[in-house]
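See below for the structure under consideration.
The values are calculated or read from the model by the stated rules, or taken from the named source; none is laboratory data. Here the structure is a predicted model, which means the values were calculated and not measured. All Cβ positions, glycine included, derive from the backbone under ideal geometry; neighbour counts span all protein chains shown.
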Amino acid sequence: MSVLIYTENWDGKFKKVSYELASYATKLAAEMGVTVSAISLGPVEESELAKLGNYGITSVMSAPCSNYTSLDNQAIATAVAAAAKKVGATVVILAQSNLGKAIAPRLSVKLNAGFVSGVQGLPVSLQPFTVKKMVFTGKAFAKTTIHTAIKVITLAPNSFGIVESPVQSTIEKFDGGLSDADFTTKIESTNKVTGKVLLTDADIVVSAGRGMKAAENWGPIEELAGLLGAGLACSRPVSDEGWRSHGEHVGQTGKIIAPNLYFAFGISGAIQHLGGVSSSKCIVAINKDKDAPIFEAADYGIVGDVFKVLPQLIEAVKENKS
Amino acid sequence: MKILVLIGNVPDTTTKVKFNADKTAFDPSGVQWIINPWDELALTRALELKETSGSAIESIFVANVGRVETEGTLRKALAVGADEAIRIDADPKDAFYVASQLAQVANGFDLIFAGIEASDYNGAAVGGMLAELLGIQSVSAVSGVQIENGLLKISREIDGGSQLLGMSLPLLAIVQKGIAKEPRIPAMRGIMMARSKKLTVIAPLEVEVLTSIVTFESPAPKAACKMVAEDQAKELIRLLHEEAKVL
């Protein structure tokens, strides 16, 4: 019996969420009285793999084959299933990310496992295995029991946090048993924005809405995000207008995020928008309309003109940093 | 080419969510039901493909798992242009149950569209499970689908960017925002035509339930928002730093 995590990497480096998975799985395994291992797919250097030991992972399996970088859903699910069988995993944990969402359902079918996505924090009980997840896009939570012997879950980002608990970890090569022909996802081109903070990985997110009035007014938003090392986001009308890309849209039909700090500039806070951000630890709203629903969801607010407040905030952040 | 679009029947996204007295079930009273927003975008894209690809796409089917009350949602899909509908007559118990039911009708389709999640239980599971049950490839976070000379070009979102993929059929595409711009609104003619389109009702298979919801909880009430004056940005930063400790 053991707990297995699938650690995602990006350009050969583990994503922050992988360390959160490691921390979470270590705690869960301790409660269950079982061991904990990780499977890494694609080229990741030994020094990077060893970092998982800082968060309590005692055994790391690594399949360095570059084929995995195509994120082929069938192949990755097959490899993770093979790893789960090898270590006799009874709980397999993935991130609630683009990739985790793609792989976990397939994996659960392969393992005859019950699957719950977007789990918030540790299980509320181990016998029966019951977890809490968000439903109705943040309007409620559901405690859900998984009845099968093997369980597959995806962990909601920032719902547990990163906890260091250094151990000696062993790293071994893993062969997923796949050949080149098993990878049928053919990448023709990649448009990767480098050097930017990943929205779903960001501790701080600076988001703006229709109150910004036009695409060319985003300068101060980008400046503030840059100063804070924050991810950039926007509301639905903004991406529908084409002022910002769909990748930045947070809300019920866009991305669901849970940063420590969320700034909403000129966002009225329609129920659909709040659904995507309500798990944020702290929400700051700046809006000229004092009755805007965003203030009901916010922890801190300024009623005022975003174009007046933004330069002041930028100055204040600069001062705070120095 | 035959396309299948999976349709979820969900409460309107502006619904105030309520539960029964012991918080074990969703209270559907007074709820307006709609096509799951991502499924609706997938259907929109499927219709656009059919219109622009000459005779390459022969038909678009829609399918759901639900009781007779969910037929309004399927009829809406037919009214905007889907050719045929299939309803598997059962209450959707969990994602694996739904995927297993759909697997009995999804064979023989070249391209299957699923929404990335449903706006009710946010499971994000049925599409991937169905692909696995059918033994076909899937691509998730799909934000664009083109058919060029019979070849499938898929755009998908990755961390911090996007990719263009060349994929073979059959394929299950799990779609998100960006796949189509605006969903279509049924016209009177479409609504009339939908009445005579074929809607097949199929009996469910016996499938084991792997997960079940024990209780629902509403989010904890939020403390009142602390207001800061418009010219006090510095004070706001101080509060975030010293009080909320998030900076």
Original post:
Does segment A:165-181 include one or more residues that are of a type outside the set (Asp, Glu) and facing chain B (nearest Cβ under 7 Å)?
Top reply: no
**OP:** Output the residues belonging to segment A:118-131 that are crowded, with 22+ Cβ neighbours inside 10 Å and either at the interface with chain B (Cβ under 10 Å from one of its Cβ atoms) or touching a Pro at 6+ places or on another chain (Cβ under 6 Å) (or both).
**Re:** A:Gly118, A:Phe129, A:Val131
**OP:** Evaluate segment B:221-232: report whether one residue or more is over 29 Å from A:Ser278 (Cα atoms), small (Gly, Ala, Ser), in a loop (DSSP other than H, G, I, E, B) and more than 22 Å from the chain's Cα centre (by Cα).
**Re:** no
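From the set of residues in segment A:187-209 that are crowded, with 17+ Cβ neighbours inside 10 Å and among the charged types (D, E, K, R), which is farthest from A:Leu41 (Cα to Cα)?
Looking only at segment A:187-209, we keep the residues that are crowded, with 17+ Cβ neighbours inside 10 Å, and these are A:197, A:199-209.
Adding the requirement that they be among the charged types (D, E, K, R) leaves A:201, A:203.
Values: A:Asp201: 20, A:Asp203: 25 Å.
Ranking the qualifying residues of segment A:187-209, first place goes to A:Asp203.
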Original post:
Restricting attention to segment A:259-268, does a residue exist that is in a loop (DSSP other than H, G, I, E, B), at negative phi, more than 8 Å from chain B (Cβ to nearest Cβ) and in contact (Cβ under 8 Å) with a residue 60 or more places away in the chain?
Top reply: yes
Original post:
Among the residues of segment B:168-180, which ones are more than 7 Å from chain A (Cβ to nearest Cβ) and without any contact (Cβ under 8 Å) to a residue 60 or more places away in the chain?
Top reply: none
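Condition check ((1) within 13 Å of chain B (Cβ to nearest Cβ); (2) under 19 Å from the mean Cα position of the chain (by Cα); (3) not in a loop (DSSP other than H, G, I, E, B)) across all residues:
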| site | (1), (2), (3) |
| --- | --- |
| A:Gln74 | yes, no, yes |
| A:Ala82 | no, no, yes |
| A:Val92 | no, yes, yes |
| A:Leu99 | yes, yes, yes |
| A:Pro105 | yes, yes, yes |
| A:Val109 | yes, no, yes |
| A:Val116 | yes, yes, yes |
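Can you name every residue in segment A:9-19 that is in contact with a strand residue (DSSP E or B) (Cβ under 6 Å, 6 or more places away or on another chain) and not aliphatic (A, V, I, L, M)? Break it down into steps so the answer makes sense when it comes.
Taking segment A:9-19 first, the residues in contact with a strand residue (DSSP E or B) (Cβ under 6 Å, 6 or more places away or on another chain) are A:14, A:17-18.
Answer for segment A:9-19, where residues must be in contact with a strand residue (DSSP E or B) (Cβ under 6 Å, 6 or more places away or on another chain) and not aliphatic (A, V, I, L, M): A:Phe14, A:Ser18.
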Original post:
Being of a type in the set (D, E, K, R), in contact (Cβ under 8 Å) with a residue 60 or more places away in the chain and part of a helix (DSSP H, G or I), is that true of even one residue in segment B:47-57?
Top reply: yes
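How do the strands (runs of 3 or more DSSP E) wholly within segment A:119-177 filter down when requiring 2 or more residues that are at pLDDT 95 or above, assigned by TED's automatic domain parsing to the domain that holds A:Asn98 and of a type in the set (S, T, N, Q): which remain?
Numbers: elements: A:129-135, A:140-146, A:151-155, A:170-173.
Of the strands (runs of 3 or more DSSP E) lying wholly inside segment A:119-177, those with at least 2 residues that are at pLDDT 95 or above, assigned by TED's automatic domain parsing to the domain that holds A:Asn98 and of a type in the set (S, T, N, Q) span A:140-146.
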Subject >> Which numbered condition A:Ile187 misses (of (1) within 21 Å of the chain's Cα centre (by Cα); (2) assigned to a strand (DSSP E or B)) >> reply: (1)
Original post:
Which residues, counting only those in segment A:210-223, are surrounded by fewer than 22 Cβ atoms within 10 Å (Cβ to Cβ) and over 15 Å from A:Gly269 (Cβ atoms)?
Top reply: A:Lys213, A:Ala214, A:Ala215, A:Glu216, A:Asn217, A:Trp218, A:Gly219, A:Pro220, A:Glu222, A:Glu223
Original post:
Of all residues in segment A:59-106, how many are among the small types (Gly, Ala, Ser) and within 14 Å of A:Gly177 (Cβ to Cβ)?
Top reply: 8
Original post:
Within segment B:195-227, which residues are of a type in the set (A, V, I, L, M) and at pLDDT 95 or above?
Top reply: B:Leu199, B:Val201, B:Ile202, B:Ala203, B:Leu205, B:Val207, B:Val209, B:Leu210, B:Ile213, B:Val214, B:Met227
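Do you know which residues across segment B:98-110 are more than 19 Å from B:Pro204 (Cβ to Cβ) and surrounded by 23 or more Cβ atoms within 10 Å (Cβ to Cβ)? Spell out the reasoning first.
In the first step, residues of segment B:98-110 are kept if they are more than 19 Å from B:Pro204 (Cβ to Cβ); the result is B:108-110.
Within segment B:98-110, B:Phe109 is the sole residue that qualifies.
In this structure, is A:Gly301 under 27 Å from B:Gln163 (Cβ atoms), small (Gly, Ala, Ser) and touching a residue at least 12 places away in the same chain (Cβ under 8 Å)?
Details: under 27 Å from B:Gln163 (Cβ atoms): no; small (Gly, Ala, Ser): yes; touching a residue at least 12 places away in the same chain (Cβ under 8 Å): yes.
It is false that A:Gly301 is under 27 Å from B:Gln163 (Cβ atoms), small (Gly, Ala, Ser) and touching a residue at least 12 places away in the same chain (Cβ under 8 Å).
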Original post:
Hey, among the residues in segment A:276-295 that are surrounded by fewer than 24 Cβ atoms within 10 Å (Cβ to Cβ) and at pLDDT below 95, which one's farthest from the other protein chains (Cβ to nearest Cβ)?
Top reply: A:Ser279
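Pick from segment A:168-186 the residues that are among the hydroxyl-bearing types (Ser, Thr, Tyr) and out of contact with any helix residue (DSSP H, G or I) (no Cβ under 6 Å at 6 or more places or on another chain): which of them is surrounded by the fewest Cβ atoms within 10 Å (Cβ to Cβ)? Explain how you work it out, then say what you get.
In the first step, residues of segment A:168-186 are kept if they are among the hydroxyl-bearing types (Ser, Thr, Tyr); the result is A:169-170, A:179, A:184-185.
Imposing the further condition that a residue be out of contact with any helix residue (DSSP H, G or I) (no Cβ under 6 Å at 6 or more places or on another chain) reduces the set to A:170, A:179, A:184.
Numbers: A:Thr170: 12, A:Ser179: 9, A:Thr184: 17.
Of everything passing the filter in segment A:168-186, A:Ser179 is surrounded by the fewest Cβ atoms within 10 Å (Cβ to Cβ).
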Original post:
From the list B:Val105, B:Val31, which residue is closer than 24 Å to B:Ile185 by Cβ and either among the hydrophobic types (A, V, I, L, M, F, W, C) or in contact with a Ser or Thr (Cβ under 7 Å, 6 or more places away or on another chain) (or both)?
Top reply: B:Val31
Subject >> Positions within segment B:201-218 being more than 7 Å from every other protein chain (Cβ to nearest Cβ) and surrounded by 13 or more Cβ atoms within 10 Å (Cβ to Cβ), in sequence order >> reply: B:Ile202, B:Pro204, B:Val207, B:Glu208
**OP:** Mind checking which strands (runs of 3 or more DSSP E) fall wholly inside segment B:118-203 and carry at least 2 residues that are β-branched (Val, Ile, Thr)?
**Re:** B:137-148, B:151-158, B:171-175, B:199-202
